[in-house]
1. Order these by the 10 Å Cβ neighbour count, fewest first: T249, T202, T242.
2. What FRET efficiency would be calculated for the residue pair L167, N319, taking the C-beta separation as r and a Förster radius of 41 Å, to the nearest 0.05?
3. Given Cβ point charges of +1 (Lys, Arg) and -1 (Asp, Glu) and nothing else, what value in debye, to the nearest 20, does the dipole of region 21-401 about its Cα centre take?
4. Take the Cα pairs of region 299-405, get the Kirkwood Rh, then feed it into Stokes-Einstein at 10 °C and 1.306 mPa s and tell me D in µm²/s.
5. I'd like to compare 93-100, 228-235: which one has the highest average count of other Cβ atoms within 10 Å, and what's the full order after that?
6. Could you tell me the distance between the Cα centroids of region 347-405 and region 115-189, to the nearest Å?
7. Under the 0.36 nm per residue contour assumption, what length would be gained going from the current alpha-carbon distance of A355 and D203 to full extension?
8. Could you give the length gained on full extension between K302 and T185, defined as 0.36 nm per residue of separation minus the Cα-Cα distance, in nm?
Amino acid sequence: MHREKDAIGTRMLGTPRSACSGALAGALPATAAQGALRAAGLLLAALLAGCEARPPAGGLDVASALGGEATAGFARAREPRQFRFPEDHNAHPDFRNEWWYFTGQLAAESGERFGYQVTFFRVALAPPGPERPSAWAARQLWMAHVAITAIDGGRHWHRERFARDALGLAGQQVQPFRVWLEDWTLSGGDGGRFPWQLAIETDAFELALSLEPLRAPVLQGDGGLSQKSAEPGNASYYYSITRLATRGTITVAGEAKTVTGQSWLDREWSTSALGDGQAGWDWFSLQLDSGADLMLYQLRRKDGSSDPHSGGLLLTGDNRRRPLGVRDFRLQPLRWWRAESGARYPVAWGVELPAAGLALEVEALLDDQAMATAVRYWEGAVEVRDPDSGEIVGRGYLEMTGYER
């Protein structure tokens, strides 16, 4: 298996990309207290320089980027809130970090299988305040990651982009609903009403997909409050739409293929999430043939242990919601793969939920689905099997962070 060399870059104000790849290669965040704003500052510096934004060796640190104490002026997730839809599909600028995160597996009419990821990240550079008079002024930095996995072809492509919310380069609007970074867009009806459309065009692939929910939004954690560490406020507001009917086209090597399948949406916003001693996470979103959907995340500590704030949710086929704590599931790596960076990722897992009578094996459909972006991680399509019979019983996506050193 092999993967096309990535062209990771950024365009500023429509100007050509220039070769100043050292702009992000400076010092990494020294402390969790400085992490998120320092990371955003490094990325913004690249934007202001109008240069190609190549990640520093080893990438930026995910624990620092989502931790920290530089929270003055921002709202924090401290207690459950009342969610409202479609309003909460829109941005929450009082919080520092936010994302619209899509993953899915699709099949072409020929039978070819594809996995895809599209994520729009919003990072606030300053708390909300008076409107700035200059059209060049920006309070938000936007980043987007997109990826395609040709499952049967054994290929994985990914791209990354950054832009400020100045001069219309990036942002989010309500009427009509739109999230965009240059010409990469998520759009829908007024206020966030479905159906939604994803439109992505890169030098290696294109996506044009329509999405319509098959299930209502489900709140993760405690009524949508997902506590990530012991410190109050180190939490996110988090909901998912675990099944969206998806159809459209995927274009690879100039050939457009009509595809259908299902996607998963995760929406989170927070000001700080990870705490001291936490290194990263293993996150599973699994759609089972029984009609059940399973989300699990294992927060890993720097000493290799599982953090007690790990958790998840089992949503049954008849929409019964079963929250999961760290004692309700067991995860066991079964097989490892080494990336070009030298990092080792567990690409096959045993998953057990004893009280639910559920045992699964989850394995990557392609080992090399590493994302060599500014924050390095592994994100890819997986299949789910019954460990006794070997029968395929579901599919989904797996994300792993904090393995790069």
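Every read-out reported here was derived from the displayed coordinates using simple, explicitly stated rules and does not represent laboratory data. Owing to the predicted nature of the structure, the values given are computational and were not obtained by experimental measurement. Cβ coordinates were reconstructed from backbone atoms using ideal geometry, including for glycine residues, and neighbour counts include every protein chain displayed.
1. T249, T202, T242
2. Values: r = 44 Å, r/R0 = 1.08.
Plugging the Cβ-Cβ distance into 1/(1 + (r/R0)^6) gives 0.40.
3. 800 debye
4. 105 µm²/s
5. 93-100, 228-235
6. Each part reduced to its Cα centre gives a spacing of 27 Å.
7. Length gained between A355 and D203: 50.0 nm.
8. So the extension gain works out to 38.5 nm.
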